[in-house]
Amino acid sequence: MASAAKSFTSLLLISSLSLAPWFCATEAKSTAPVVQDLSWTFYQSSCPKVESIIRKQLEKVFKKEIGHAAGLLRLHFHDCFVQGCDGSVLLDGSASGPREQDAPPNLTLRAKAFEIIDDLRERIHKECGRVVSCSDILAIAARDSVYLSGGPDYDVPLGRRDGLNFATQNATLQNLPPPFANADTILSSLATKSFDPTDVVALSGGHTIGISHCSSFTDRLYPAQDPTMDKTFANNLKCICPASDTNSTTVLDIRSPDNFDNKYYVDLMNRQGLFTSDQDLYTNKKTRGIVTSFATNQSFFFEKFEVAMIKMSQLSVLTGNQGEIRASCSVRNSG
């Protein structure tokens, strides 16, 4: 009898979730707090075409290779979580030390993603002069990567300035949870940046697009298979990665690898999450219900993803007279 009541309660939960309203961009704008000196209309006078320039160019880029959308989204994540959204991950190294890109978590960032940002920098500079920061370009490009691959469209507060220094390797390692981290570790790490469990699970949904190298998950296959992994899924991965040091890649979301949707959460419910950091979101009691909610209601996931992304895009931003507006995204301005 208790079991039947529990099932009925679950059914009611799923039914009510399906009635959640679509969360449009204007709602996200009105509910997301904006850091002082950032604005929804920052470039309205100085570079009114900046967002259309980026979107039109990315439409062309993704038409040739949609995989670049995941590369740009990941680049934005890796920039913001380390030292804030200041474009520091774009900087080349110098005599003072190796660049952020050389830290282990960043070694698999796509080279093409950096090239795309540099190209957008040139196009915008040609149209408006040096008024738009590289960190703002990256934030807009990440949003368009989500939208152009099937995800929600939302407004991004703008006005970031570019950082003058790249982060150390230790800072990079400390602020980017590895793929073998469990849910408790990730929740604790992101709580220091004011993200709650819903934010964490929503941001993890970025793994609905993109690929991964075998080295990021073969610890779940060898020497012993992770018992939380679906057996058929594991066997297929062993074909792609026959040894722990295989250099092959596979998709993060086996159901719709090029579409930004909620299938990543369906994967988790079927024990087909690629990383420990993915699958443990469903295993862990603190986040399991959130995963289920997102898996059963895509618009609810989109709603929470928008809010979490806007929050993430404002982490420790530089504004006003802080930092600079780089002429080249990979190099500090001379002087």
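The values are calculated or read from the model by the stated rules, or taken from the named source; none is laboratory data. Values in this document were obtained by computation on a predicted structure and should not be read as measured data. Using ideal geometry, Cβ is built from the backbone for each residue, glycine included, and neighbour counts are taken over all protein chains shown. For accessibility, only protein heavy atoms count, side chains too; no ligands or nucleic acids. Shrake-Rupley method; radii C 1.70, N 1.55, O 1.52, S 1.80 Å.
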List the lysines whose alpha-carbon lies under 19 Å from that of Lys193, not counting same-chain residues fewer than 8 positions away? Lys286, Lys304, Lys311
For segment 25-175, with the dipole built from +1 on Lys and Arg beta-carbon atoms and -1 on Asp and Glu ones, taken about the Cα centre, which of Leu107, Gln44, Leu148 lies farthest toward the positive end? Leu148
Size of segment 273-313 along its principal axes in angstrom, Cα-based, largest extent first? 26, 22, 19
Give me a comma-separated list of calculated 3J(HN,Hα) values for segment 245-257, in order, Karplus coefficients 6.51, -1.76, 1.60 applied at θ = phi - 60°, integers in Hz, x for any Gly or Pro. 9, 5, 9, 7, 10, 8, 6, 7, 10, 6, 8, 8, x
Over 12 Å [Cα-Cα, segment 131-178], rounded percent: 70
Whenever you get a sec, compute what percent of the accessible area on the chain sits on carbon and sulfur atoms (1.4 Å probe). 53
Using only the alpha carbon atoms of the chain, find the Kirkwood hydrodynamic radius as the inverse mean reciprocal pair distance, in angstroms to one decimal. 20.7
Just tell me which lysines come within less than 22 Å, Cα to Cα, of Lys56; anything on the same chain fewer than 8 places away is out. Lys64, Lys112, Lys126
Please report, in debye to the nearest 20, how large the charge dipole of segment 47-123 is about its Cα centre when each Lys and Arg carries +1 at its beta carbon and each Asp and Glu carries -1 there. 440
Env charge @ Leu148, Cβ radius under 14 Å, K,R +1 / D,E -1, value -1
Based on Cα coordinates alone, diagonalise the gyration tensor for segment 81-188, multiply each eigenvalue by 5, take square roots, and list the semi-axes in whole Å, largest first. 25, 20, 13
Glu324 neighbourhood, Cβ < 14 Å, K/R = +1, D/E = -1, net charge +3
Taking Cα atoms only, helix 134-148 is inclined relative to the longest principal axis of the chain by an angle, in degrees rounded to 10, of 40
If the only charges are +1 at each Lys and Arg Cβ and -1 at each Asp and Glu Cβ, what is the size of the charge dipole of the chain around the Cα centre, to the nearest 20 debye? 280
Cβ-Cβ cut-off under 12 Å around Arg271, Lys and Arg +1, Asp and Glu -1: the net charge is -3
What would the Debye formula give as log10 I(q)/I(0) at q = 0.18, 0.27 Å⁻¹ for the alpha-carbon point model of segment 284-335, no solvent? -0.72, -1.07
What do you get for Rg/Rh of segment 215-265 when both radii come from the Cα atoms and Rh is the Kirkwood radius? 0.98
Rounded to the nearest whole number, the Stokes-Einstein translational diffusion coefficient of segment 245-335 at 4 °C and 1.567 mPa s (Kirkwood radius, C-alpha pairs) in µm²/s is 80
What one gets for segment 169-296 as the Kirkwood radius, inverse of mean 1/r over different Cα pairs in Å, is 14.9
